[in-house]
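The values are calculated or read from the model by the stated rules, or taken from the named source; none is laboratory data. Predicted model only: the values in this text are computed from it and were never measured. Positions of Cβ are generated from backbone atoms using ideal geometry, with glycine treated the same way; all protein chains shown enter the neighbour counts. Quick note on the areas: whole protein, heavy atoms, side chains included, nothing else; ligands and nucleic acids left out. Shrake-Rupley method; radii C 1.70, N 1.55, O 1.52, S 1.80 Å.
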Amino acid sequence: MEILDLETHDLHQERLQRVATLLKASGARRVLDLGCGSGRLLQYLMREPQYERVVGLELDGELLAQAKLLLENLPGSRRECLELVCASYTEPHPALSGFEAAAMVETIEHVLPEKLSAVEQAVFGEMRPSLLIMTTPNREYNPLYDMEPGELRDADHKFEWDRARFREWVSGVAWRNGYRVTISGIGDWDPEFGQPTQVARFER
């Protein structure tokens, strides 16, 4: 969940603020940040006293170390509410089931396509948060960043979905796992290409 070279800092902040606002408005007290990266969303979440438990899950140990550094100066009462876990959300984590809310911000596109079914099973089938907010790039918007056909916004992205493919995948996940899903976007709207960031709001 990092700022992408081809995007603006403002867009990344807008994403974080939108997700943080949706999570807060849900009234959730326990929140998962799946693919928490260097902890930028966690930084927003830990400002809110409504959260009694926040868990950041990140497979990249270097990014997790950055998150620990970013959040090391939290007051003691808030630090006790935060847990950072070095692990993958492609695998089941029974201790993380039943949270009221979860976020996956600019992270699903870092997963190998053949692992998407494992993500679905682990996150939607076993963790089963009541609410999950997911964001991912809109591939159709890439020409507005002067990108070549087939070029990805980040070297670590395994894919980027256009709007139709994103809708197809999230709708299938929702139907198979007992969720309803609402799709929206973040960033400047273009009449042909839509918005640079796609958002799915899953509610169980």
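Can Lys158 be described as in a loop (DSSP other than H, G, I, E, B) and either open to solvent by 40 Å² or more (accessible area, probe 1.4 Å) or β-branched (Val, Ile, Thr) (or both)? Explain how you work it out, then say what you get.
On the way: in a loop (DSSP other than H, G, I, E, B): yes; either open to solvent by 40 Å² or more (accessible area, probe 1.4 Å) or β-branched (Val, Ile, Thr) (or both): yes.
Yes: the conditions hold for Lys158.
Which residue out of Asp154, Asp162, Asp190 is in contact with a Pro (Cβ under 9 Å, 6 or more places away or on another chain) and closer than 30 Å to Gly125 by Cα?
Working: Asp162 fails: in contact with a Pro (Cβ under 9 Å, 6 or more places away or on another chain); Asp190 fails: closer than 30 Å to Gly125 by Cα.
None of the others qualify; the one that does is Asp154.
Looking only at region 130-154, count every residue that is part of a loop (DSSP other than H, G, I, E, B) and either of a type in the set (Phe, Trp, Tyr) or over 11 Å from Glu109 (Cα atoms) (or both) and tell me the total. Don't jump to the end; show me each part of the working.
Of the residues in region 130-154, the ones part of a loop (DSSP other than H, G, I, E, B) are 130, 138, 146-154.
Still in the running and either of a type in the set (Phe, Trp, Tyr) or over 11 Å from Glu109 (Cα atoms) (or both): 130, 146-151.
Final tally of qualifying residues: 7.
For region 15-29, what are the residues that are within 19 Å of Gln195 (Cα to Cα), touching a strand residue (DSSP E or B) at 6+ places or on another chain (Cβ under 7 Å) and open to solvent by 10 Å² or more (accessible area, probe 1.4 Å)?
Across region 15-29, the qualifying residues are Arg18, Leu22.
Taking Glu148 as the residue in question, decide whether it is surrounded by fewer than 15 Cβ atoms within 10 Å (Cβ to Cβ) and modelled with pLDDT of 95 or more.
Here the answer is no, as Glu148 does not meet what is asked.
In region 30-62, what residues are more than 19 Å from His93 (Cα to Cα), not hydrophobic (A, V, I, L, M, F, W, C) and not in a helix (DSSP H, G or I)? Before you say what the answer is, go through the steps one by one.
Initial filter on region 30-62 (more than 19 Å from His93 (Cα to Cα)): 38-52, 62.
Those left that are additionally not hydrophobic (A, V, I, L, M, F, W, C): 38-40, 43-44, 47-52, 62.
Once the filter is applied, which keeps residues that are more than 19 Å from His93 (Cα to Cα), not hydrophobic (A, V, I, L, M, F, W, C) and not in a helix (DSSP H, G or I), region 30-62 yields Ser38, Gly39, Arg47, Glu48, Pro49, Gln50, Tyr51, Glu52.
Look through Glu83, Glu72 and report the one residue that is loosely packed, with under 15 Cβ neighbours inside 10 Å, closer than 20 Å to Val123 by Cα and more than 14 Å from the chain's Cα centre (by Cα). Explain how you work it out, then say what you get.
Working: Glu72 fails: closer than 20 Å to Val123 by Cα.
None of the other options fit; the residue is Glu83.
Just the residues that are in contact (Cβ under 8 Å) with a residue 40 or more places away in the chain and either surrounded by fewer than 16 Cβ atoms within 10 Å (Cβ to Cβ) or assigned to a helix (DSSP H, G or I) (or both), please, taken from region 175-191. Reasoning before the result, please.
Residues of region 175-191 that are in contact (Cβ under 8 Å) with a residue 40 or more places away in the chain, as a first pass: 176-177, 179, 185-187, 190.
Residues satisfying the conditions are Arg176, Asn177, Asp190.
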